[in-house]
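Participant: First the structure, which I've put down as C-alpha cells, then a few questions once you've had a look.
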Amino acid sequence: MQTQDLIKLEEQYGANNYHPLDVVISKAEGVWVYDVEGKKYLDCLAAYSAVNQGHCHPRIINVLKDQAGKATLTSRAFRNDQLPLLYKEMCELTGFDTMLPMNSGAEAVETALKAARKWGYKVKGVEENCAEIIVCENNFGGRTISIISFSTEAQYKDGYGPFTPGFKIIPYGDSGSLEKAITKNTVAFIVEPIQGEGGVIVPPDGYLKECSEICKRENVLFITDEIQCGLGRSGKLFAFEYEGIKPDAVIVGKALSGGCYPVSAVLSKKEVLGVFNPGDHGSTFGGNPLGAAIARESIKVLVEENLIENSYKLGEYFRDKLRSVNSKHVKEIRGKGLFIGVELKKEAGGARRFCEALMNKGVLCKETHDNVIRFAPPLVISKEEINWAMERVSEVLLME
C-alpha cells in the first residue's frame, strides 16, 4: 500500500489523538528511516529520544531475538534470570542503591509520585492525606489523570476533570520560588533538568544545585525526571550531572530499551523506594525478562560505543552550525548535547510549516509548543550526517 492509502486507513479507523507528519515509515536503521515508497529520511527526533542508540541497533535486536526465544514474561509472581542483572548493572552504573522497573514513562512518574507520598507519611511524618508535591510550570510527565493534574498545558486537561489534588506548581528556573513554596507537608520536588516537551528549555546555571540544596535543608525529596533528557541525550548520562549533584531519585524510560520495547524505571537511594512492601505497587510486565535483557544491552551500547560522549561533542557542533544560519525567523537556539530547540519568532508562522518543509527535503523533526523545532537525532549520528542535514535545514530556515 502507498502513503495516502495508509493515511486514509489510519484516519478512518484510528482515534484522532495525534497530529503526525504525513510520512509513513516502513523501515529504519541507525539515523535513517524509509517510507513505504522507499524515500530516505534522516531522523532528527529519535522517537522523542527513545532510540538514542539508533534505530534497530543490531546488538539490541540480537538480544531481543535471543531472549524472545527463551522467556518473555513471568510476571513478578516468579523471579527471572535477567532482572537481577539489570538491577545490578544499572545501580553500579548510576550510583543509586535500588531500582523499580515499569514499562512506560508515565508509569515510572506515577511510581515516583507514590514513593514520594509514602515516604512523606512513613519517613518524614507528614499528616495522612496532606502530602504536597511541587512541580514546575511547562512540565510534561505523561498522560495519566494524576500527571495531567499538575500540567499547565490547557489542552492536556481539557475535559478530564476532576483532577488529583496535592500538587503545587511554581515557575521553572527560579529556585527562590521553590523555597517559598515548601511547607511542612511538602514531600518532594519533581523537576526535568531540561524541559523537553516544554520546548527544550534549559534552566539557568546553578538552578538544579540550588534546588537540591534547598530540598536537602528542608527534608524534601529532590527527584529528577530524565525520561527524555537522560541516558546520553544531554551529553551526560544524566543531565543533572552538569551541576555536580545527585538527586534522591531519578526517573528514566525511553532510551532505556533503545526503542525496542517499553521499559522505564525509578532509581533511588534505599530509603525512597524502600517504603514499598510486597503488594504496595507493581506491574504485570514491569521487570519482565525480555524487557530486562533488552535494557541491559541498551545501556551497554550507550556506554561501550561512546554515544554519550558523541552526544556532547556533536551537540556542540550541531548548535554551532544552526547558529551560523542567519535566519530572520529564529529567536533562540538552545540545548545540551544532541537535545536542541530552535525557537522561532511569532511572526514566523509556527514551527509546523518548517517541519513539513524539512520532511519534503528528507529531514524529520517535530514541532513542540507551536513555535519550537526540536532536533534530537539518534546519538549514533556522525558529523557528515549533521552536515547533510544542515544543508537542508539552512534552506528551510531561510525560506520566506
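Participant: From the set of residues in region 111-134 that are buried (at least 23 other Cβ atoms within 10 Å of the Cβ) and not aliphatic (A, V, I, L, M), which is nearest to Gly166 (Cα to Cα)?
Facilitator: Within region 111-134, the match that is nearest to Gly166 (Cα to Cα) is Gly120.
Participant: Among the numbered criteria (1) of a type outside the set (Lys, Arg); (2) in a helix (DSSP H, G or I); (3) within 15 Å of the chain's Cα centre (by Cα), which one does Gly259 miss?
Facilitator: (2)
Participant: Can you tell me which residue among Ile223, Ile299 is among the hydrophobic types (A, V, I, L, M, F, W, C) and in a helix (DSSP H, G or I)?
Facilitator: Values: Ile223 fails: in a helix (DSSP H, G or I).
Matching residue, one of Ile223, Ile299: Ile299.
Participant: Could you identify the single residue in Val200, Val220 that is closer than 22 Å to Thr98 by Cβ and aliphatic (A, V, I, L, M)? Give the derivation first.
Facilitator: Values: Val200 fails: closer than 22 Å to Thr98 by Cβ.
From the options Val200, Val220, the qualifying one is Val220.
Participant: While we're looking at this one, here's another question. Given the criterion touching a Lys or Arg at 6+ places or on another chain (Cβ under 6 Å) and assigned by TED's automatic domain parsing to the domain that holds Ile169, identify the matching residue among Ala115, Ala131, Ala108. Steps first, answer last, please.
Facilitator: Values: Ala115 fails: touching a Lys or Arg at 6+ places or on another chain (Cβ under 6 Å); Ala108 fails: touching a Lys or Arg at 6+ places or on another chain (Cβ under 6 Å).
None of the other options fit; the residue is Ala131.
Participant: Now, a different point. I need the full set of residues from region 41-62 which are touching a Cys at 6+ places or on another chain (Cβ under 9 Å), closer than 16 Å to Asn310 by Cβ and of a type in the set (A, V, I, L, M), in order please.
Facilitator: The one that is touching a Cys at 6+ places or on another chain (Cβ under 9 Å), closer than 16 Å to Asn310 by Cβ and of a type in the set (A, V, I, L, M): Val51.
Participant: Report, by residue number, each residue of region 136-158 that is under 17 Å from Ile227 (Cα atoms) and among the hydroxyl-bearing types (Ser, Thr, Tyr).
Facilitator: Result: Thr144, Ser151.
Participant: Still on this model: Those residues that are part of a loop (DSSP other than H, G, I, E, B) and of a type outside the set (A, V, I, L, M), I need them from region 302-338; list them, please. First the steps, then the outcome.
Facilitator: At the first step, the residues of region 302-338 found to be part of a loop (DSSP other than H, G, I, E, B) are 305-306, 324-329, 337-338.
Across region 302-338, the qualifying residues are Glu305, Asn306, Ser324, Asn326, Ser327, Lys328, His329, Gly337.
Participant: Cβ contacts < 6 Å: first residue at negative phi, restricted to region 387-400; second residue β-branched (Val, Ile, Thr) and at pLDDT 95 or above, any location; separation 6+ or different chain. Result?
Facilitator: Partner pairs satisfying both residue conditions: Ala389/Val363; Arg392/Val363; Ser394/Val325; Leu397/Val325.
Participant: Sort through Ser382, Ser327, Ser298, Ser394 and tell me the only one that's hydroxyl-bearing (Ser, Thr, Tyr), under 16 Å from Asp43 (Cβ atoms) and out of contact with any Asp or Glu (no Cβ under 7 Å at 6 or more places or on another chain).
Facilitator: Details: Ser327 fails: under 16 Å from Asp43 (Cβ atoms); Ser298 fails: under 16 Å from Asp43 (Cβ atoms); Ser394 fails: under 16 Å from Asp43 (Cβ atoms).
None of the other options fit; the residue is Ser382.
Participant: Turning to a different aspect of this structure: Looking for something assigned to a strand (DSSP E or B), in contact with a helix residue (DSSP H, G or I) (Cβ under 9 Å, 6 or more places away or on another chain) and outside the structural domain of Val200 (by TED's automatic domain parsing) - is there at least one such residue anywhere in region 350-365? Quick ask: steps written out before the conclusion?
Facilitator: Initial filter on region 350-365 (assigned to a strand (DSSP E or B)): 363-364.
From what is left, the residues that are in contact with a helix residue (DSSP H, G or I) (Cβ under 9 Å, 6 or more places away or on another chain) are 363-364.
Filter once more, keeping what is outside the structural domain of Val200 (by TED's automatic domain parsing): 363-364.
Yes, the conditions are met somewhere in region 350-365.
Participant: Moving on to the next point. Among the residues that make up region 254-268, is at least one of them in contact (Cβ under 8 Å) with a residue 12 or more places away in the chain and out of contact with any helix residue (DSSP H, G or I) (no Cβ under 8 Å at 6 or more places or on another chain)? Let's see the steps before the verdict.
Facilitator: Just the residues of region 254-268 that are in contact (Cβ under 8 Å) with a residue 12 or more places away in the chain, to begin with: 254-268.
Filter once more, keeping what is out of contact with any helix residue (DSSP H, G or I) (no Cβ under 8 Å at 6 or more places or on another chain): none.
Checked region 254-268: no residue is in contact (Cβ under 8 Å) with a residue 12 or more places away in the chain and out of contact with any helix residue (DSSP H, G or I) (no Cβ under 8 Å at 6 or more places or on another chain).
The values are calculated or read from the model by the stated rules, or taken from the named source; none is laboratory data. All of these numbers come straight from a predicted model, not from anything done at the bench. Glycine gets a Cβ as well: all are built from the backbone with ideal geometry, and neighbour counts include every protein chain shown.
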